[in-house]
Amino acid sequence: MNMMNVSDTEVAWSFLQKKGYQRTTDLGQADVILLVTCSVREKAEKTIWNRLQQLVTLKKKRPTSLPPLKIGILGCMAERLKTDLLEREKLLDVLAGPDAYRDLPRLLSLAEGGQQAVNVLLSLEETYADVIPVHVHSQAKTAFVSIMRGCDNMCSYCIVPFTRGRERSRPVASILQEVRMLSDQVEVTLLGQNVNSYRDTSEVQFCTAEPTQLSKGFHTLYRNKQGGLRFATLLEAVSNVNPEMRIRFTSPHPKDFPDEVLQLIHEKHNICKQIHLPAQSGSNRVLQAMRRGYTREAYLELVDHVRTIIPGVSLSSDFIAGFCDETEEDHWETISLMRAVKYNVGYLFAYSMRNKTHAFHRLEDNVPGEVKQRRLEELIGVFREEASKLNCSVVGSTQLILVEGVSKRSRDELSGRTDGNIKVIFPDVKIPIADSSQDTAAVKPGDYVVVKITSAGSQSLKGVPLRHATLH
Ligand code: SF4
């Protein structure tokens, strides 16, 4: 499940809990099963279709002594396919788009009366500001907090503006209230489609007249937005809630990184020195076709600027292999950008055309599947090679790790993440409770520990735990 789906699940669950619904993880016990969906990639939708078939089989086999099982689809796929979904799958009971979770109890009661119930209206205002999501706390004590919804950027390949609607920011006061309630958590990730273009215009007294300050060499398709409380103010306020709480944010757009935000990340000890800078391509021709609003040169300049203000910052990116009309030369431009920047973390995908998008109407998905796949593999190879070099450069250093839990590879090892979001595996042993202390304690999820890094691969680091620690 992606982060946005986790956040939507928590909001939807808040409305259902208030109406007396109880949660179960046992499918056999459930009277209602809701699938929270994502449409960004074709593969995610295929997974949901398969899941739906399994649930329909479960519904058909349900003993008649029990109330009929109700099945619902929530989120982007409901929005994208709307009533086509109901026509394709007659046994589906509820369809709720990303702005319709408030309406879920009514939709479910209609479904109980035997109707198919649908609400896929997108809203210009809905931010669920008055809702305190029901957080499904992870073992590692990390939580997601949604700060804005939708996106106005209209990148030509992207379905998000059509499934999640226009950009809206949740008021600062509501976000801070939620973060304060999460004070038992040790890491909070601020979440949105375009987090750094955050703009709270709800509190008139806070509004400034300053227009959006875009990073140099960046432009948007929409008109410059004015006023409102900006992302830097929100980020600072969130980081002030609890100095022991680590703060991350995702996903940003490269256009909205004023120095104010970069300085803040550099100065505040609890804002992770990790920035996602989704490049998508290294070719100007492709970037223009994607309507990303920047050139390769502007992007590389931004990377230099970010690294100057935040030395040692960890960078991650998204790349798409085989976008419409992408040539071998374009592909090599992407490879050379990857080599020039060197990312710690990469999310790489072969292009899949989504209908409704600008690319669907205006461009041709003309790179053959096997070529996309080969280019994707080449990108993955280069990413791993460069990430390995970066990871090797920290061997011998000590890193502050937030412990997430038992390693998937071995029950005798734990895994956690550095400030830069790199996974670290280390032995599960008792360690001193503080620097130069003789007392030792076991390490558990949610603890901060200092680990000496002893070896590195492209995806993770290995190390030896030295002592328990605090964040500041
Ligand atoms: S910035 Fe572009 S890719 Fe990201 S959600 Fe908005 S339209 Fe999609």
If the chain between Arg41 and Val464 were fully stretched, how many nm would it gain, using 0.36 nm times the residue separation less the Cα-Cα distance? 148.4 nm
I'd like the accessible area for Met181, computed on protein heavy atoms only with a 1.4 Å probe and all protein chains in place. Round to 10 Å², please. 110
Each label sits 7 Å from Cα toward the beta-carbon; between Thr295 and Tyr222 the label points are separated, in nm, by 2.6
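How much net charge surrounds Gly420 when only other residues with a Cβ under 11 Å from its Cβ are counted (Lys, Arg +1; Asp, Glu -1)?
Details: positive: Arg248, Lys273, Arg417, Lys423; negative: Asp419.
Residues near Gly420 contribute +3 overall.
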Applied in sequence order to segment 107-124, the curve 6.51 cos²θ - 1.76 cosθ + 1.60 (Karplus, θ = phi - 60°) yields integer Hz couplings, x standing for Gly and Pro, of 4, 5, 6, 5, 5, 5, x, x, 8, 7, 10, 10, 9, 10, 6, 8, 10, 8
Rh (Kirkwood, all Cα-Cα pairs) for segment 290-446, Å, reads 18.7
Taking θ as phi - 60°, what are the ³J(HN,Hα) couplings along segment 223-240 by the Karplus curve (6.51, -1.76, 1.60), each to the nearest whole Hz, with x for Gly and Pro? 5, 3, 8, 10, x, x, 8, 8, 4, 4, 5, 5, 4, 5, 4, 5, 5, 7
Would you work out what percent of the accessible area of segment 383-472, with all protein chains in place, is carbon or sulfur (probe 1.4 Å)? 50
Calculate the spin-label point distance for Gln263 paired with Val241, positioning each point 7 Å from the Cα along the beta-carbon direction, and give it in nanometres. 2.5
For the chain, dividing by residue count, accessible area per residue (probe 1.4 Å) in Å² works out to 45
For an R0 of 41 angstrom, estimate the FRET efficiency from the Cβ-Cβ distance between Gln139 and Val371 and round to the nearest 0.05. 0.45
Residue-level accessible surface for Trp13, protein heavy atoms, 1.4 Å, Å²: 30
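So how strong a dipole does the chain carry about its Cα centre when Lys and Arg Cβ are +1 and Asp and Glu Cβ are -1, to the nearest 20 debye?
On the way: 60 positive and 56 negative charges, 189 e Å.
The dipole of the chain has a size of about 900 debye.
Per-residue ellipticity at 222 nm for the chain, helices alone: DSSP H runs ≥ 4 residues times -39500 (n - 2.57), over residue total, nearest 500 deg cm²/dmol?
Details: 14 runs with 155 residues, N = 472.
Rounded to the nearest 500, it is -10000 deg cm²/dmol.
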If you build the convex hull over the alpha carbons only and average its shadow over all orientations, what do you get for segment 398-469? Give it in nm² to one decimal. 4.3
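Of all the C-alpha pairs in segment 346-412, what % are more than 19 Å from each other? Spell out each step's value before the answer.
Working: 1403 of 2211 pairs.
Result: 63 percent of Cα pairs exceed 19 Å.
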Using a 1.4 Å probe over the heavy atoms of the protein chains, calculate the carbon and sulfur portion of the accessible area of segment 243-381 as a whole percent. 52
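If R₀ is 45 angstrom, what is the calculated FRET efficiency for the pair Thr398 and Thr57, using the beta carbon separation as r and rounding to 0.05?
On the way: r = 53 Å, r/R0 = 1.17.
Using R0 = 45 Å, I get an efficiency of 0.30.
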So what does the Cα-only Debye profile of segment 149-207 read at q = 0.12, 0.15, 0.18, 0.25 Å⁻¹, as log10 I(q)/I(0), no solvent term? -0.38, -0.57, -0.75, -1.03
Sorted by chain and then number, the residues having a modelled amide H within less than 5 Å of the amide H of Ser146, at least 5 places away or on another chain, are Leu191
Which whole number in µm²/s is D for segment 318-372 by Stokes-Einstein, with the Kirkwood Rh taken over Cα pairs at 10 °C and 1.306 mPa s? 130
Which of Ile147, Val345, Pro105 sits farthest toward the positive end of the charge dipole of the chain, with +1 on the Cβ of Lys and Arg and -1 on the Cβ of Asp and Glu? Pro105
Over all alpha-carbon pairs in segment 142-390, figure out the percentage whose distance exceeds 27 Å. 38
proj_area_mean for the chain (convex hull on C-alpha atoms), units nm², value 23.8
With label points set 7 Å from each Cα along the Cα-to-Cβ direction at Met154 and Ala442, the distance between them in nm comes to 5.7
How large is ³J(HN,Hα), in whole Hz, for each residue of segment 50-58 in order, when computed from phi with the Karplus curve 6.51 cos²θ - 1.76 cosθ + 1.60 and θ = phi - 60°, using x for Gly and Pro? 5, 4, 4, 4, 5, 5, 5, 4, 4
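The values are calculated or read from the model by the stated rules, or taken from the named source; none is laboratory data. All values derive from a computational prediction rather than experimental measurement. Every residue, glycine among them, receives a Cβ derived from its backbone with ideal geometry; neighbour counts consider all protein chains shown. These accessible areas exclude ligands, DNA and RNA; they are computed on the full protein's heavy atoms, side chains included. Shrake-Rupley method; radii C 1.70, N 1.55, O 1.52, S 1.80 Å.
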